[in-house]
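Below is one structure; the comments refer to it alone.
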């Protein structure tokens, strides 16, 4: 039996540390709340709006299969609509980009790619398998967004100022100013009541470094592929508009949309605001 050992930085994210629900190919609802006016729409109703964006963030709880199915349905809908889709993954580091490219080209077997996956991510392969298979079968480019885990671990333990010049050199465009609004956002989005004994401000610095580095990678990719619509597969804490999207907006006017899954007590369709998400996918279990 494969053991899934979560790095310290992941174990802190209580939002994502829920029991794994594996329901392969489970159907998802087709009820999506448009935050701007409260209308309940279908994916077909919003796909034109998504296709006109350069970035589509589709959040997830890492352990919930239906969230990954919703991500896949979004990718399929955009592909069917003729959008030049790419997929950005929090689950892969930037230095694994050659492996992602080889997978899309069909140069790796599923067994070989699964081993590479587990070098990058710690959650069970079946949760994400259908997305990766669809990308390979349809030759959809994939982009690794994540930073080396030792960087975020170090920032969480010792603060951003502890990074060496070389480590900072690998994080272009990254600054780390944690203001009260961002602190409040992290507490809410991660539903945090504790953070492994770490200083909470340092924990937030780690999150901010993470968000900013992934935003920079996305912008760099879109400079090379300006026609693309990138579906970003990332945790809801990163996908909220105050996560990666806020770092995008500070650096670019590229249009983006944010879809979050309804999560009782965390993503509440009755209370969510437009400065948090554009859409809420309802009824995902």
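Taken together, the values in this text are just the output of simple stated rules run on the coordinates, not laboratory data. Predicted model only: the values in this text are computed from it and were never measured. In this analysis, Cβ positions are derived from the backbone assuming ideal geometry, glycine residues included, and neighbour counts consider all displayed protein chains.
Okay, here's what the table says:
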item	result
Among 275-282, 228-235, 36-43, the order from most to least packed when residues are scored by Cβ within 10 Å on average	228-235, 275-282, 36-43
Calculated FRET value between residue 225 and residue 118, using beta carbons and R₀ = 45 Å, to 0.05	0.95
Label point distance in nm, residue 252-residue 275, each placed 7 Å from Cα along Cα→Cβ	2.3 nm
Kirkwood-type radius of the stretch 57-117, with distances r between different C-alpha atoms, in Å	13.2 Å
Sorted by Cβ neighbour density within 10 Å, fewest at the top, the residues 129, 119	119, 129
